Amino acid sequence: MSRVLLIGWDGADWRILDPMIEQGALPNLKSLIDRGTRSVLRSTIPTHSWAAWPSFLTGVDPADHGVYDILETVPGTHKQYPVTYRSIKERTFVEDLSAAGKSGVYADVPLLFPAPAIKGDIVAGGVLPKGRPYTHPEDLPETLEKAGVPWEINGMSWTTYRNKPDAYLEEALRISGKRIKATEWMMDNTDWDFLMSVWVSVDRTQHCLSNYVGPDHPDYAKLSKTPRYQKVVDVYRQLDDSIGRMVARTNDDDIVIFMSDHGFQSCSRAVNMDQLLRKLGYLEFSASNMLYGPMQWGPMRTVARKIYDVLGLHGKVSLKQAVNWQKTKAYTSIRSTGEGVSINLAGRDPDGIVDPADFEKVRNEVMERLVSFVDPDTGQKPVKAIFRREEVFKGKHADTAPDILMEPAEQYSLTHAKSAVEKADWLAGDHRPEGVIAVSGPRVQPFAEPPMLIDLAPTILAALDAPASIEHTGRVLNEVVGADATTRAGEAIGTARTEDAGPTVSTDEAEEMEEHLRGLGYLE
Ligand SMILES: [Zn+2]
């Protein structure tokens, strides 16, 4: 039977990769495409890793797994915690493969903390609290250390390298280099049926340096001819080399999948959604924020972060955006990307002030104001499209989704700004739904229908003939696994995933993780 090797490049986009392929910088990716097929892979709404990877893991949309943002709110409070594996309210293919007796190896896969006990090895990725086990088995870090291939968690906090691209690139190459060695060691020393590794340096690099590699960035024509361009491409070359070595460890019967969780678009302008809501008269900050606000951004912030790093205080100090809920009608409810806004509804939100009878009226008004808002410096509208919650989300956890969803216009990020709208500062790219997929294998055919991120879980289960415990929204990609392959329904089908309520991490750990999330630009 075929095994499956899956290589994920977080945030990879053909618009950025194609020029590199043409220049011969990514020969191993090119030969994978030449042996198989490629396509755009449609991501989720909202379009960011924290909603997308759970959709990859479950084969269902965010409305069915319940993860919309990097933070989740404790019901009935304003307290928020970073999302973890336990936030995913649906069974994942990771557990289904294990239940079928298949051995899985997962390296740096976001949202796998705390790692479930499966047949195989997990090194959780994403943002991790220090000092907590992040692997399965728990002693895997010691095993890797003894083998001379130590793992390093977190890192690549691109916002902390403001205007220091070379120092950032050095860290990206160094950490990815270590993880490549460890992953290849696991590949050699595990009897795997499914092996997947995710590389986050692509996403981090594109957030701050898309002006070098994103052909849709206004500075690309100039910057792509500078010596630093080659240094940025080195991030991709390093990962392409690893594709070569990993594919060399497979045989002709194996399926190789290269994919991303979302694509990327360049941006030269940025919005702060809470500040925009304030400007439009729907949100007020509390008085303490007037003092704190200016400290949250700019050089002060950078200096503060460095000091915290040096003193090992990372995460001990969190500068929060304090909203005056008594005077707020609408607030940002997808804080990581600004793509979601909710109404401060009485009876639902703690301190809600909008009467449920006025909900539709207020929501319509907020939507109208947001979508028609014009950036005074460019004459452009930052919001390209706007949707009501029920137009986008139909699943069983739709009730916890944001009331309003937005898509950013070209050249705009809906986050990463300190004022309502401004020139992007040390920010050159943000997410878009059009990700990538390339596959090779004995039965691979060109895609007849456009593939989607939620198709991968059922496809992986079908490839390995493992029963599914849930009904996937995605389809089996028969273009990858052969015309006859299907997923079999396992015994557990239809039973929802039950998890103990309450946060996975302590308040201190949450603050530590949040500080790291700020470094990654996911929080303000
Ligand atoms: Zn990202």
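Each reported figure results from applying straightforward, stated rules to the coordinates on display, with no laboratory input. Quick caveat: nothing in here was measured; it's all calculated off a predicted structure. Because the Cβ atoms are built from the backbone with ideal geometry, glycine has one as well, and the counts that use them run over all protein chains shown.
Within segment 339-434, the ratio Rg/Rh, alpha carbon atoms throughout and Rh by Kirkwood, equals 1.00.
Projecting label points 7 angstrom from Cα along Cα→Cβ for Glu368 and Arg488 puts them 5.7 nm apart.
A Stokes-Einstein calculation at 10 °C with viscosity 1.306 mPa s, built on the Kirkwood radius of the chain over Cα pairs, returns a diffusion coefficient of 68 µm²/s.
Computed from Cα positions, the angle between helix 201-213 and the longest principal axis of the chain comes to roughly 70 degrees. Fewest neighbouring Cβ atoms within 10 Å first, the residues Arg179, Arg388 line up as Arg388, Arg179. Counting only the backbone N, which residues of segment 326-354 are under 17 Å from the spot 7 Å out from the Cα of Arg388 toward its beta-carbon? Correct set: 341-345.
In this simple spin-label approximation, Ala221 and Glu284 carry label points 7 Å from Cα along the Cα→Cβ vector, and these lie 4.9 nm apart.
Working ranking of peptides 322-330, 440-448, 374-382 by packing, defined as the average number of other Cβ atoms within 10 Å per residue, highest first, is 322-330, 440-448, 374-382. If R0 equals 22 Å, the separation of the Cβ atoms of Thr190 and Lys130 corresponds to a calculated FRET efficiency of about 0.25.
If R0 equals 25 Å, the separation of the Cβ atoms of Asp139 and Arg245 corresponds to a calculated FRET efficiency of about 0.45. Calculation over all alpha carbon pairs of segment 219-291 in 10 angstrom steps from 0 returns a P(r) of 13, 23, 21, 19, 17, 7, 1 percent. In percent, rounded to a whole number, the relative contact order of the chain is 27, using alpha-carbon pairs under 8 Å and six or more apart.
For segment 352-416 versus segment 456-477, the inter-centroid distance based on Cα atoms is 33 Å.
Within the set of other residues whose C-beta is less than 11 Å from the C-beta of Arg475, count the net charge using Lys and Arg as +1 and Asp and Glu as -1. Cβ neighbours under 11 Å give a net charge of -3. Counting only Cα atoms, the size of segment 138-217 along its three principal axes is 44, 24, 17 Å, in decreasing order. In this Cβ point-charge picture (+1 for Lys and Arg, -1 for Asp and Glu), the chain has a dipole of about 1220 debye about its Cα centre. Look at where the Cα atoms of segment 67-114 and of segment 211-234 average out, and the two centres are 35 Å apart.
Taking Cα atoms, how many degrees apart are the long axis of helix 298-311 and the longest axis of the chain, rounded to 10 and kept between 0 and 90? Roughly 50 degrees between the two axes. Against the main long axis of the alpha-carbon atoms of the chain, helix 49-58 sits at an angle near 40°. With 23 Å as the limit, the listed pairs Lys146/Lys178; Lys164/Lys231; Lys79/Lys130; Lys178/Lys222; Lys381/Lys418 have Lys178/Lys222 beyond it between alpha carbons. Here the spin labels are modelled as points 7 Å beyond Cα on the Cα-Cβ line, and at Ala322 and Val74 they lie 1.9 nm apart.
Partner aspartates and glutamates whose Cα lies under 15 Å from the Cα of Lys329, excluding those fewer than 8 positions away in the same chain, are identified as Asp274, Glu284, Asp349, Asp351, Asp355, Asp358, Glu360, Glu365, Glu368, Asp403.
The Rg/Rh ratio for segment 1-154, using Cα coordinates for both the radius of gyration and the Kirkwood hydrodynamic radius, is 1.00.
Straightening the chain between Asp377 and Glu170 buys 71.0 nm, computed as 0.36 nm per residue apart minus the Cα-Cα spacing.
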